[in-house]
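Q: Here you go, one structure.
The values are calculated or read from the model by the stated rules, or taken from the named source; none is laboratory data. What you see is a predicted model; the values in this text were computed from it and never measured. As a convention, Cβ positions derive from the backbone with ideal geometry for all residues, glycine included, and neighbour counts pool all protein chains shown.
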Amino acid sequence: MIGDPRELDQAGIAYLARLTDADLRALVRADQVSAAESDARIRALRREPALILDVLDRPATSAAVLNLAGSRARAAPDRFALISPFLMFAAAIHRTAGDLSASAYAPERTGPRLRIPLFDASQLSAYLSQPRHRLFLADLLASFAKISSGMVPIGGSPRRRRWSDADPVRLAVLLDTVPMAERPPVWRRLGDLALFLAGVFPDAAERLIPGQAAASRLARRTGLDPDTGPDRGAPDLLEWLGAGWYQLAADHTRPADASVPALREQAEHFRPARRVLNTATDRYLLPIGSGWLAAPG
């Protein structure tokens, strides 16, 4: 079990709050124990939630959960009935953490179906060694298992515009409809979306933000300085936008708010988080099938 004991306890409580009874049964099923022993182990996880992270770190457990998710996705339309999206994504993140801890390099996407090795796996492993980072990434993925959208009025006019948290341009519509004090949650969701697109669906990201001109327009519209963006492709542009949106959310949230340190950390560590998601997606999420996550656009 890796991480500070106090943080492990806090993360374990957070994991337990997100897991269903079926999730807990799936976690202990990997060892093929009897029903009585399974019930005893579930009770132990409830008493000491930090053990959940230890269980997920075991390759046999994460493999069993991912195999279960994959077979469920292929076999039935009600694939979420057996285990929750959160458990499936947590298993993928924990399995990726184990992979990176045993490797000198991690693949970096340079184009559709093109990967090159970068010898920085130790940096990504260090990022994942923090339980709060593993929880953040699993939460992020689970939050996009179902896309949210709707219509909002524009100013005092009867006109309405559609917003969607699958498209950064449409999500930015919400910034036009709320006062400054209510914008931090929108900036945070924009940061989440940038990380999700760059990490899981980079091809879709390139369609939604095709170049520097589009990124600059979006930056100006959402409160960022358009002149500070990189003169490179979609992954770098999304890193710049996403980190900037997380920073805006932190800067405009009350300093005493408990979310501020996490927002600043997400801005600072956008790149390693993106690269972990790239690895997890290539190795575990895409093989399961698109039913768990639908590509935007």
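Q: Restricting attention to region 135-181, which residues are assigned to a helix (DSSP H, G or I) and under 16 Å from ARG221 (Cα atoms)?
A: Hits for region 135-181 are PRO168, VAL169, ARG170, LEU171, ALA172, VAL173, LEU174, LEU175, ASP176, MET180.
Q: Determine whether PRO117 is on the phi < 0 side of the Ramachandran plot and assigned by TED's automatic domain parsing to the domain that holds ASP231.
A: Criteria not met by PRO117.
Q: It is to be established whether one or more residues within region 262-281 are free of Cβ contacts under 8 Å to residues at least 12 places away in the same chain and assigned to a loop (DSSP other than H, G, I, E, B).
A: There is no residue in region 262-281 that is free of Cβ contacts under 8 Å to residues at least 12 places away in the same chain and assigned to a loop (DSSP other than H, G, I, E, B).
Q: Those residues that are under 25 Å from ASP165 (Cα atoms) and in contact (Cβ under 8 Å) with a residue 40 or more places away in the chain, I need them from region 107-141; list them, please.
A: Filtering region 107-141 for residues under 25 Å from ASP165 (Cα atoms) gives 109, 111-112, 132-141.
The answer is ARG109, PRO112, ARG132, HIS133, ARG134, LEU135, PHE136, LEU137, ALA138, ASP139, LEU140, LEU141.
Q: Yes or no: region 229-237 includes at least one residue that is charged (D, E, K, R), assigned to a helix (DSSP H, G or I), within 25 Å of LEU286 (Cα to Cα) and modelled with pLDDT under 90.
A: Yes - at least one qualifying residue is present in region 229-237.
Q: Ok, one more. Identify, from the list GLU206, GLU182, the residue that is of a type in the set (Asp, Glu) and free of Cβ contacts under 8 Å to residues at least 12 places away in the same chain. Steps first, answer last, please.
A: Working: GLU206 fails: free of Cβ contacts under 8 Å to residues at least 12 places away in the same chain.
Answer to the selection: GLU182.
Q: Which of the residues that make up region 72-94 are at pLDDT 80 or above and assigned to a helix (DSSP H, G or I)?
A: Across region 72-94, the qualifying residues are PRO85, PHE86, LEU87, MET88, PHE89, ALA90, ALA91, ALA92, ILE93, HIS94.
Q: In region 13-23, what residues are part of a helix (DSSP H, G or I) and closer than 18 Å to PRO131 by Cβ?
A: Of everything in region 13-23, those that are part of a helix (DSSP H, G or I) and closer than 18 Å to PRO131 by Cβ turn out to be ILE13, ALA14, TYR15, LEU16, ALA17, ARG18, ASP23.
Q: Among the numbered conditions (1) touching a strand residue (DSSP E or B) at 6+ places or on another chain (Cβ under 8 Å); (2) within 30 Å of LEU87 (Cα to Cα); (3) among the charged types (D, E, K, R), tell me where ARG160 comes up short.
A: Exception for ARG160: condition (2).
Q: Can you name the residue in region 6-41 that is more than 14 Å from ASP54 (Cα to Cα), hydroxyl-bearing (Ser, Thr, Tyr) and touching a residue at least 12 places away in the same chain (Cβ under 8 Å) and is also surrounded by the fewest Cβ atoms within 10 Å (Cβ to Cβ) among such residues?
A: Residue satisfying both the conditions and the ranking: THR20.
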